[in-house]
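Reviewing the structure listed below.
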Amino acid sequence: QVQLVESGGGLVQAGGSLRLSCAASGSITSINAMGWYRQAPGNQRELVATITSGGSTNDANSVKGRFTISRDNAKNTVYLQMNSLKPEDTAVYYCYAELLTHGSSWYSPYWGQGTQVTVSS
């Protein structure tokens, strides 16, 4: 059994900060890329930021300079530091990871359950 457990969402005023965490656990042999996506009501799920096992990152233009993704490979955890939050950042944020699990020969995508981030104006 493999799971991604997110934490850190909540309600914050515009201009504030939040830090999301996502820990992968279970029968994991290796983790490739990890990342964060978000989905606002009525919108498609969109990429926020990703990070490779080597630490290379890719950020959406809408969050460049405000959000920072990082990971702790020893803890199988990915983080998203969100600063200067705007009302348009309001969404459910989903953790994503490409996992090689015990007994498998390839990496498969896994998703967390989502955590709500609400930014008030």
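Odds and ends about this structure:
- Using a Förster distance of 35 Å, the FRET efficiency for S17-S105 (Cβ separation, nearest 0.05): 0.30
- One quarter of the convex hull surface built on the alpha carbon atoms of the range 67-121 amounts to 4.8 nm², the projected area averaged over directions.
- Over the range 45-88, the Kirkwood radius and the radius of gyration, each from Cα atoms, give a ratio Rg/Rh of 0.99.
- Where Rh is the Kirkwood radius over Cα pairs, Rg/Rh for the chain: 0.98
- Contour minus Cα-Cα distance for D72 and S30 (0.36 nm per residue): 13.8 nm
- Taken about its Cα centre, the chain carries a charge dipole of roughly 140 debye when the Cβ of each Lys and Arg holds +1 and the Cβ of each Asp and Glu holds -1.
- Rg of the Cα atoms in the range 5-63, relative to 2.2 N^0.38 Å, amounts to 1.31.
No value in this document is a laboratory result; all are computed from the given coordinates. Fair warning: this is a prediction, and the values are worked out from it, not measured in the lab. Note that each Cβ is placed from the backbone with ideal geometry, even for glycine, and that neighbours are counted across all protein chains shown.
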